[in-house]
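Below is one structure, written out as structure tokens, with a few remarks after it.
The values are calculated or read from the model by the stated rules, or taken from the named source; none is laboratory data. Note that this is a predicted model, so its numbers are computed, not measured. When we count neighbours, we look across all protein chains shown, and the Cβ atoms used for this are built from the backbone with ideal geometry, even at glycine.
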Amino acid sequence: MRDFFPGLAGIPAAKSSVSFVDGAEGVLEYRGIRIEDLAKHSSFLETAFLLLFNRLPTKRELDDFTRDISHHRRIKYRIIDLLKSLPEQGHPMDALQAAVAALGMFYPAHEVLDEAIRYLTAVRLIAKLPTIVAAFARLRRGDNAIRPRDDLSYAENFLYMLTEQIPDPAMAKIFDVCLILHAEHTMNASTFSGMVTASTLADPYTAVSSAIGTLKGPLHGGANEAVIHMLEEIQTLERIPEYLNQKLTNKEKIMGFGHRIYKVKDPRAIVMQAFAKQLAADTTTQSFYTLASAVEKHMDARVGPKGIRPNVDFYSGILYHQMGIDTDLFTPMFAIARVAGWLAHCFEQYHDNHLFRPDQIYEGQRNRPYQSLANRETSSS
Ligand code: ACO
């Protein structure tokens, strides 16, 4: 009998130097640098540069990269038209996936090993994803899409395009750190999905649109949205034990907890929790934060010893809720950041490519006779 590894758990599918994770110790490094250091000292664009080019940029390089990103933030009116034509009740992740696939038709990038094309493609994707997400968020309400503003930072500009108001600098800083923390995470489902597409030598727009589709699911990036629905259902501190008891007895998953790799608290959740606590003190979100931390305490007591701890989506969901952002935009905001990591892995894939084509263990029947239609109703096989 051949070995079978459900979900490919523990099976290396590539060699990579993009990021490192130690799930037992709760360590995550991008290109060798701890995420806590990046969260403290870096910016999202600097971190994106690090992920793409395997080194921190010089001042000049960072200025050039920032200028190039600002220059490419706008989206064509035809992309706006495409977003306008989508159903307003449709999920923004689906709109993002469709728009990113469409971008590839406007900016062909089939020469996947050409460095200049690769750079421009990375710049376009990192620059345009926030504009697409913000535009869909407004268009579905009947509002006009807002043009990006070159004088605003990457994080400020996204929040501005959503609300038409210059955000509070502290809020923009928190969002920028969230982008850093979401930018990369080794061989996760969406990254693998993007790499499988890249391994066919499809262009990066197609690979990223595959990755967006995979990120959407509630077992992956979609969990941050599900966390809020869960907390809204629980409502009060008193209801927590009963809610968790019922779910855990029925073997249902509690959203925002557990991770294939981490058996301790996700290091990204630790940084985000500190911001959530700060926002709870400064805004009217104290009771929401209290509810969330009580859920964490109860979960710790119930399943903590099994290694089921809060993951990044638990506290990113809470933070974005505290910032007043629509719940269904949380996962697209994750995608805005993760595109940097997806691209870094896809570029590694293009460079040393082997088409992904795993094997299977066949469990079906063989050599069955073909029965004519007239004979099938009475047939038992
Ligand atoms: N709630 C309750 N029980 C859980 C949870 C959870 N969130 N996560 C795992 N478990 C339990 C399972 O029931 C199972 O128990 P058993 O051994 O008694 O049968 C055991 O832990 C192992 O669970 P698996 O699902 O097999 O472990 P896996 O490594 O596949 O889980 C996953 C990882 C899919 C993330 C899981 O923890 C989960 O579904 N969590 C909820 C969704 C979520 O928050 N996803 C976001 C992950 S972070 C990200 O993608 C960015």
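Of all residues being of a type in the set (Gly, Ala, Ser) and under 22 Å from THR131 (Cβ atoms) in region 201-210, which is surrounded by the most Cβ atoms within 10 Å (Cβ to Cβ)? Just the residue, please.
Residues of region 201-210 that are of a type in the set (Gly, Ala, Ser), as a first pass: 202, 207, 209-210.
Imposing the further condition that a residue be under 22 Å from THR131 (Cβ atoms) reduces the set to 207, 209-210.
Working: ALA207: 31, SER209: 22, SER210: 24.
The qualifying residue surrounded by the most Cβ atoms within 10 Å (Cβ to Cβ) is ALA207.
Look at LEU120 and say whether it is closer than 25 Å to ILE318 by Cβ and assigned to a helix (DSSP H, G or I). Spell out how you get there, then give the answer.
Numbers: closer than 25 Å to ILE318 by Cβ: no; assigned to a helix (DSSP H, G or I): yes.
Answer is no for this residue.
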### Message
Considering only region 286-301, I want to know if a residue exists there that is small (Gly, Ala, Ser) and within 10 Å of the ligand (Cβ to nearest atom).
### Response
no
#### Entry: Elements of type helices (runs of 4 or more DSSP H) in region 22-114, at least 2 residues being of a type in the set (Asp, Glu)
35-41, 59-71
### Task
Count, please, the residues in region 12-37 that happen to be within 13 Å of the ligand (Cβ to nearest atom) and among the aliphatic types (A, V, I, L, M).
2
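Among GLU61, GLU29, which is out of contact with any Ser or Thr (no Cβ under 8 Å at 6 or more places or on another chain) and surrounded by fewer than 20 Cβ atoms within 10 Å (Cβ to Cβ)? Explain how you work it out, then say what you get.
On the way: GLU29 fails: out of contact with any Ser or Thr (no Cβ under 8 Å at 6 or more places or on another chain).
Answer to the check: GLU61.
What number of residues within region 217-238 satisfy the criterion of being more than 11 Å from the ligand (Cβ to nearest atom) and either assigned to a loop (DSSP other than H, G, I, E, B) or under 18 Å from ALA95 (Cα atoms) (or both)? Lay out the reasoning, then the answer.
So the first thing to find is which residues in region 217-238 are more than 11 Å from the ligand (Cβ to nearest atom), and the list is 228-229, 231-238.
If we keep only those that are either assigned to a loop (DSSP other than H, G, I, E, B) or under 18 Å from ALA95 (Cα atoms) (or both) too, we end up with 235-236.
Within region 217-238, residues that are more than 11 Å from the ligand (Cβ to nearest atom) and either assigned to a loop (DSSP other than H, G, I, E, B) or under 18 Å from ALA95 (Cα atoms) (or both) number 2.
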### Task
Among the residues of region 302-322, write down those that are farther than 19 Å from ALA39 by Cβ and near the ligand (Cβ under 9 Å from one of its atoms).
ARG302, VAL303, LYS306, GLY307, ILE308
#### Entry: Residues located in region 319-328, provided they are more than 21 Å from ARG140 (Cβ to Cβ) and either at pLDDT 95 or above or in contact with a Cys (Cβ under 8 Å, 6 or more places away or on another chain) (or both)
LEU319
### Task
Please verify whether region 329-337 includes one or more residues that are at pLDDT below 95 and more than 11 Å from the ligand (Cβ to nearest atom).
no
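Please return the ranges of helices (runs of 4 or more DSSP H) entirely within region 142-200 where 3 or more residues are crowded, with 19+ Cβ neighbours inside 10 Å and within 16 Å of the ligand (Cβ to nearest atom). Before the answer, list the steps.
On the way: elements: 154-163, 169-182, 189-198.
Helices (runs of 4 or more DSSP H) meeting the threshold: 169-182, 189-198.
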### Query
If you take the residues of region 56-90 that are hydrophobic (A, V, I, L, M, F, W, C) and without any contact (Cβ under 8 Å) to a residue 24 or more places away in the chain, which of them is farthest from SER153 (Cα to Cα)?
LEU82
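Filter region 245-269 down to residues that are surrounded by fewer than 19 Cβ atoms within 10 Å (Cβ to Cβ) and either of a type in the set (Val, Ile, Thr) or assigned to a helix (DSSP H, G or I) (or both), then give me how many there are. Can you show your working first?
Taking region 245-269 and keeping what is surrounded by fewer than 19 Cβ atoms within 10 Å (Cβ to Cβ), we get 245-253, 260-261, 263-264.
When the remaining residues are screened for being either of a type in the set (Val, Ile, Thr) or assigned to a helix (DSSP H, G or I) (or both), the result is 245-249, 261, 264.
The number of residues fulfilling the criteria is 7.
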#### Entry: Top-ranked residue of region 255-285 - restricted to ones that are within 24 Å of HIS220 (Cβ to Cβ) and of a type in the set (Val, Ile, Thr), ranked as nearest to the ligand (Cβ to nearest atom)
ILE261
### Query
Can you find even one residue in region 236-246 that is among the basic types (Lys, Arg) and within 24 Å of PRO6 (Cα to Cα)?
no
## Note on the structure
Checked region 91-118 for anything touching a residue at least 40 places away in the same chain (Cβ under 8 Å) and of a type outside the set (A, V, I, L, M, F, W, C); matches are HIS91, PRO92, ASP94, GLN97, GLY104, TYR107, PRO108, HIS110, ARG118
